[in-house]
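Structure first, commentary second.
The values are calculated or read from the model by the stated rules, or taken from the named source; none is laboratory data. Note that the structure is predicted; figures quoted are calculated from it, not measured. Glycine also receives a Cβ, built like all others from the backbone with ideal geometry; neighbour counts cover every protein chain displayed.
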Amino acid sequence: MLLPAATTYVQLCGRLVVELDGRRLDHRLPGRHGRALFAYLVLQRPRTVGRDELIEAIWADHPPGSRASALTVLLSKLRAAVGADVLSGRGSVRIVLPPGARVDIEQALDALHSAESAAVQADWIRAWSGALCARYVSARPLLPDYDGPAWLDAWRRRLDDVHTSALETYAAACLGLGGTEIAGAERAARSLLEHNPLRETGYGLLMRAMAARGNLAEALQVYERARTLLRDELGIPPGPAIQQIHATLLARQGVNA
């Protein structure tokens, strides 16, 4: 009988998980700085990173007395934790993961790209599954116990954008699938607007979902909410896309009256 292949999985969002060749090693990483250093190197794969860049990435705001010595010690501890085959190099270093290794952020980015491409082609099943994966990963905070470095803030902003797009694509996919998924479209659209109240597509998706569930009057109220918010916050009217949805709903209301 064939034995299952050893897994390598790195989860950077939410609780840090490092599983290398089937062995859990996250508990062995050397403290907050060690976890941040490992995450930074994983996110830079497959690039080799010099020591000056690593020092700036870890101690930009609060440098220790001897940053070079501190980095040497930290790299030594990290290498002992994950192995010299994983933390490769001396003067400059990089993380080397085996083929087939999974990193949650990489999975989320790939899944969102696939979902958005599928949505353009109206392949709603593939769009639904990809958006769900990206949404699940991006909903968790990146390295929640670590603050400050510019690279971390940049990645958090990027993941925030991923989360917005994933909610948007997921809601659209649910609408495309119809049936029992319409309720999921409404929930995702509401979550999208909670996350980003100025996202006009969120209002359009919510209006369409509510109308599909037979709540036409409430869908029209959503438009009024969007119109008021955009006027008060930005001094602009709703865009053409949701104006068109509004006009369609008004026409339906007239037919049903």
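If you check Leu216, Leu198, Leu192, Leu206, which single one turns out to be buried (at least 18 other Cβ atoms within 10 Å of the Cβ) and either more than 18 Å from the chain's Cα centre (by Cα) or basic (Lys, Arg) (or both)?
Leu206
Out of all the residues in the stretch 77-95, which are assigned to a loop (DSSP other than H, G, I, E, B) and of a type in the set (A, V, I, L, M, F, W, C)?
Of everything in the stretch 77-95, those that are assigned to a loop (DSSP other than H, G, I, E, B) and of a type in the set (A, V, I, L, M, F, W, C) turn out to be Ala84, Val86.
Leu193 passes all but one of (1) in contact with a Lys or Arg (Cβ under 8 Å, 6 or more places away or on another chain); (2) at positive phi; which number fails?
With (1) in contact with a Lys or Arg (Cβ under 8 Å, 6 or more places away or on another chain); (2) at positive phi applied to Leu193, the lone miss is (2).
Which of the numbered conditions does Arg35 fail, given that it passes all the others? Conditions: (1) part of a loop (DSSP other than H, G, I, E, B); (2) touching a Phe, Trp or Tyr at 6+ places or on another chain (Cβ under 8 Å); (3) basic (Lys, Arg).
(1)
Please state which one of Val120, Val73 is of a type in the set (Val, Ile, Thr) and modelled with pLDDT of 95 or more.
None of the others qualify; the one that does is Val120.
Which of the numbered conditions does Ala68 fail, given that it passes all the others? Conditions: (1) at pLDDT 90 or above; (2) farther than 25 Å from Arg156 by Cα; (3) aliphatic (A, V, I, L, M).
So the condition that Ala68 fails would be (1).
Scan the stretch 5-29 for residues that are touching a helix residue (DSSP H, G or I) at 6+ places or on another chain (Cβ under 8 Å) and within 18 Å of Arg94 (Cβ to Cβ) and report the count.
The number of residues fulfilling the criteria is 6.
Is there any pair with a first residue in the stretch 87-98 that is touching a residue at least 40 places away in the same chain (Cβ under 8 Å) and a second that is polar (S, T, N, Q) and in a loop (DSSP other than H, G, I, E, B) whose Cβ atoms are under 6 Å apart and which are 6 or more apart or on different chains, and what are they?
From residues that are touching a residue at least 40 places away in the same chain (Cβ under 8 Å), the pairs are Ser92/Thr48; Arg94/Thr48; Leu97/Thr8; Pro98/Thr8.
Considering only the stretch 177-196, I want to know if a residue exists there that is acidic (Asp, Glu), in contact (Cβ under 8 Å) with a residue 12 or more places away in the chain, in contact with a Cys (Cβ under 6 Å, 6 or more places away or on another chain) and under 16 Å from Leu132 (Cα atoms).
yes
Can you tell me how many residues in the stretch 219-237 are in contact with an Asp or Glu (Cβ under 8 Å, 6 or more places away or on another chain) and crowded, with 21+ Cβ neighbours inside 10 Å?
Final tally of qualifying residues: 1.
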